[in-house]
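Bear in mind these aren't lab numbers, they're just calculated from the coordinates by the rules spelled out. None of the values given here were measured: they were computed from a predicted structure. Backbone-built Cβ (ideal geometry, glycine too); neighbour counts: all protein chains shown.
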Amino acid sequence: MFKNQDLRSSGRKFPYGGMHNLPVRGTRKKMLFFAFSLTVCNCLWAQNDSAHHTVIELPSIQIVASSKELSVIENLPVSSSVLTGYKLASENITSTSELTARIPNMYMPGYGSKLTSPVYIRGIGSRINSPSVGLYADDIPYFEKSMYNIDLDGIKRVEILRGPQGTLYGRNTMGGVINIHSYSPFDGQGTQIKLSGGTYEHYSAKATHRRLINNSLGLSVSAGYNHEGGYFKNVTRNENAGKLDDINAKIRLEYRPNDSWKAAYSGTFGDSRQNGYPYAPIEPATNRTKDIVYNQSSGYNQRVTTHGINVRRESEKTLFASVTAFQWLDDEQKLDQDFMADSIYFAMQSQKQIMLSQELTLRSNREDAKYQWLIGAFGFLQNVESKIDVDNYAQQAAEYRLTDVRTSGAALFHQSRINNVLTKKLSLEAGVRIDAEKSNMDYDYSLEIKNNISKSPRISSQLDFVKVMPRVSAMYEYSENLWYASVSCGYKTGGFNTAFELDADRSFDPENSINYETGYRSKRIADLVSVDFSLFYIDWRNQQIYATNPSGRGSVLRNAGKSHSKGLEVSVRVFPAKNLSFDVEYGYTYAVFDRNRKNDNEDFSGKYIPHVPRNTLSLTGFYNIRLHRFVNGITLMAQYNGVGELYWDETNLSRQDFYGVLNMQAEFRTASRFKFAVWGRNLCNANYNLFDFAVGANRFGQRGMPLTSGASLGIFF
């Protein structure tokens, strides 16, 4: 079957992609869904044999250099990971949050809704406000982390660059960058339908169609629906917390008039509605969650659209690229803030966000040249309007906050590489970026007590930032082995808090870091094993730390004095036999506050940085069986992912010990147009907390996903 492929010919069909979930519990909805699946399957099977397609074995996927890198990712002086679409499908990875532990030192927990989708790499991350890890989807930058939990079904490849990437990618990439690349309609044509379902009333359907309109114009469209029934029950409301209904669509129109020019328009549309939050009181003696008991309807709704125009001109000597992007987000959160059965506090928050960005890059296009170079410019405009209403039933009071934050920024960047320094195997690289940013906020606050409203004067504030981010590195390559060392600067911009109670918390300063890194990478040793290894040390200043307001309701960012993070990353892939392989991914992070004194009574110096797992571990085994029957291929996968230990706040009094989950999947492929898979997650039903937080004197938590199972069916024609 198709493996690790980059389809170029217009006559070749879809690569087999990832599929997820098919019903195992007998609810009426799932039975109807399964019956529909079989009906579609039978209709297609009944078609004339001439509709069957030849199975073609193709070579491994070709990873090409992006317009922002001077070489392919495997030759960059940076700790990195690449997962192809085939790999994502084989491991049943369907969203970015499922990359946790699968990528060394990467942690992306799900905190109850898409609103809070932070990413932590090497201890660097942010629960609120701007992210600390950058994300680009088809070269379009994402500034809002509530948009980070992205569907990876049908994705061509995912690249993760660890460590500061500020020189080329700019602000808010202190921890690293995630690059997501979709299939082009020129990669292969055809139609693909995926039907899937599983326990806890999980089911989904997705259709994708790619075609060439003519020799130079291609079109790709897809649409999908996903339903999740929720894992845990709110006993007070007698309903499941965490239900999700998600509708999404995507279009890509690509124009290639000749070998030099390429232009593509891509648009995505999403509407997501989530019911409630799986937050329950924690039993201090056992550190386990009790029943979910809050009494008021809660949830998060999100509507989002992203549009991008990517123009690229490539010649023998240079490559020019222009990326124009527009994003629109409209969301609303309703939250029972006390999480108890009584009506004490209730909050409603809505946000409207618009972002427009433009990036231009020009670089040399000969990887074998003595001197390589890149220059670029980036600019953006962002406007965020938010409204926060908090009801205090005990005092018959309500607080109203209106904020309007307008941010603009511009950057210039350059990178140079000199190859064959003293010897043909040594290369030196240096780059610099200058970022300038301005942010303005208008803030209105009103307080209503027993129907009497008092309004505070409007507060208008302005912040200005300018930052220079250099990077230097050296690489030594010998016989497909690469040694490298680098020093780079990380930067996360400052900003405004929108739910502050103290004037000192109105804004927060930028944070900065210097990252020292050395590593080794081998493509294949004796055709049996490949190894990636890196060591890093991060000197961290003015770290932005999540904190709750004095009232215990709402949160802000504050700056800690000084921190450091150090650790290692190891990726090993072993090929002991032709059809057998093992992947080992391990990351270790030791991240602590060197200086974090709040006041005379609160000094957290020497404490571990919260929400940062000390260890991430992934062990994956694959076994491929080739048959000469109707089912001509079977892939068996077993995977163990482990995370921990980690602490939940600066006091380090509450923590989650190391835990692991066992996942398995079996894929069955036919010679014609079908693929069937059965899978299970957390098969040992490990009990762990995914989230832990305090509200006043009480602690609440979110339990991790329990044992789940399901199946999926893919149809290709």
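Taking θ = phi - 60°, what integer Hz values does the Karplus form 6.51 cos²θ - 1.76 cosθ + 1.60 yield along the range 84-90, in sequence order, with x for Gly and Pro?
6, x, 4, 5, 4, 5, 5
Could you work out how far apart the two model spin labels at residue 581 and residue 444 are, taking each label as a point 7 Å from the Cα in the direction of the beta carbon, and quote it in nm?
5.8 nm
What list of whole percents do you get for P(r) of the range 532-592, with Cα-Cα distances grouped in 10 Å bins up to the one holding the largest distance?
Cα pair-distance distribution for the range 532-592, in percent: 18, 26, 23, 17, 11, 4, 0.
Using 1/(1 + (r/R0)^6) with R0 = 25 angstrom and r between the beta carbons of residue 402 and residue 504, what's the FRET efficiency to the nearest 0.05?
The computed FRET efficiency comes out at 0.75.
Can you grab the distance from the C-alpha centre of the range 340-359 to the C-alpha centre of the range 581-607, Å, no decimals?
After rounding, the separation between the Cα centres reads 29 Å.
Can you pick out the pairs among 156/352; 425/523; 352/467 whose Cα atoms lie more than 19 Å from each other?
156/352; 352/467
Do you know the relative contact order of the range 267-330, to the nearest whole percent, from alpha carbon pairs under 8 angstrom that are 6+ apart?
33 percent
For residue 403, what is the net charge nearby, where nearby means another residue's Cβ is under 9 Å from its Cβ and Lys, Arg count +1, Asp, Glu -1?
Result for the neighbourhood of residue 403: -2.
Starting at the first residue of the range 633-650, write each ³J(HN,Hα) from the Karplus equation 6.51 cos²θ - 1.76 cosθ + 1.60 with θ = phi - 60°, in whole Hz, x for Gly and Pro.
Computed from phi, the couplings for the range 633-650 are x, 10, 10, 9, 10, 10, 9, 10, 10, x, 9, x, 6, 8, 10, 9, 8, 5 Hz.
Can you list the residues of the range 313-330 with backbone N under 12 Å from a point 7 Å past the Cα of residue 366, pointing along Cα to Cβ?
316-318
For the pair residue 394 and residue 597, how long in nm is the line joining their label points, each one 7 Å along Cα→Cβ?
About 3.4 nm, to one decimal.
Please give every one of the aspartates and glutamates within straight-line cross-link reach of residue 578, meaning a C-alpha to C-alpha distance under 14 Å, and leave out same-chain neighbours fewer than 8 residues apart.
527
Considering only the other residues whose Cβ falls under 9 Å of the Cβ of residue 169, what net charge follows from Lys and Arg at +1 and Asp and Glu at -1?
Cβ neighbours under 9 Å give a net charge of +3.
Which of [x] 49, 38, 21; [y] 39, 33, 25; [z] 43, 31, 27 is the computed semi-axes √(5λ) of the Cα gyration tensor in Å for the structure on display?
Step by step, semi-axes √(5λ) of the Cα gyration tensor in Å for this structure corresponds to label [y].
Between residue 628 and residue 354, 0.36 nm times their residue separation minus their Cα-Cα distance comes to what?
Separation in residues times 0.36 nm, less the Cα-Cα distance, equals 93.2 nm.
Take the alpha carbon atoms of the range 473-523, find their center, do the same for the range 287-338, and report the distance between the two centers in whole angstrom.
Each part's Cα centre sits 23 Å from the other's.
Under a point-charge model restricted to the Cβ atoms of Lys and Arg (+1) and Asp and Glu (-1), what is the dipole moment magnitude of the chain relative to its Cα centre, in debye to the nearest 20?
1780 debye
Take every Cα pair under 8 Å in the range 264-375 that's 6+ residues apart, average their separations, divide by the length, and report that relative contact order as a whole percent.
Relative contact order, the range 264-375: 24 percent.
All other residues with a Cβ under 9 Å from the Cβ of residue 225 taken together, and with Lys, Arg as +1 and Asp, Glu as -1, what is their net charge?
Charge balance in the 9 Å sphere: -1.
Shape verdict for the range 453-576, please, from the Cα gyration tensor: rounded (a/c under 1.5), prolate (a/b greater than b/c) or oblate.
Here the range 453-576 falls in the prolate category.
Under 5 Å between amide H atoms, partner at least 5 residues away or on a different chain: which partners does residue 182 have, H built in plane at 1.01 Å?
138, 156
Per residue of the chain, what 222 nm ellipticity follows from adding -39500 (n - 2.57) for every DSSP H run with n ≥ 4, rounded to the nearest 500?
For the chain, the value works out to -1000 deg cm²/dmol.
Using 27 Å as the Cα-Cα cut-off, could you pick out the over-long pairs in 68/370; 387/438; 334/492; 438/562?
Cα-Cα > 27 Å for 334/492; rest within.
Assuming 0.36 nm per residue, please report the length gained on full extension of the stretch residue 235 to residue 523 beyond their Cα-Cα distance.
Working it through step by step, the gained length comes to 98.3 nm.
If packing is taken as the average number of other Cβ atoms within 10 Å across a peptide's residues, how do 180-187, 104-111 rank, most packed first?
Output ranking for 180-187, 104-111: 104-111, 180-187.
Long-range amide H contacts for residue 295: which residues qualify at under 5 Å (H placed 1.01 Å from N, peptide plane, sequence gap of 5 or more or a different chain)?
Correct list: 340.
What spacing in nm lies between the two simple spin-label points modelled at residue 653 and residue 316, each 7 Å away from Cα in the Cβ direction?
7.1 nm
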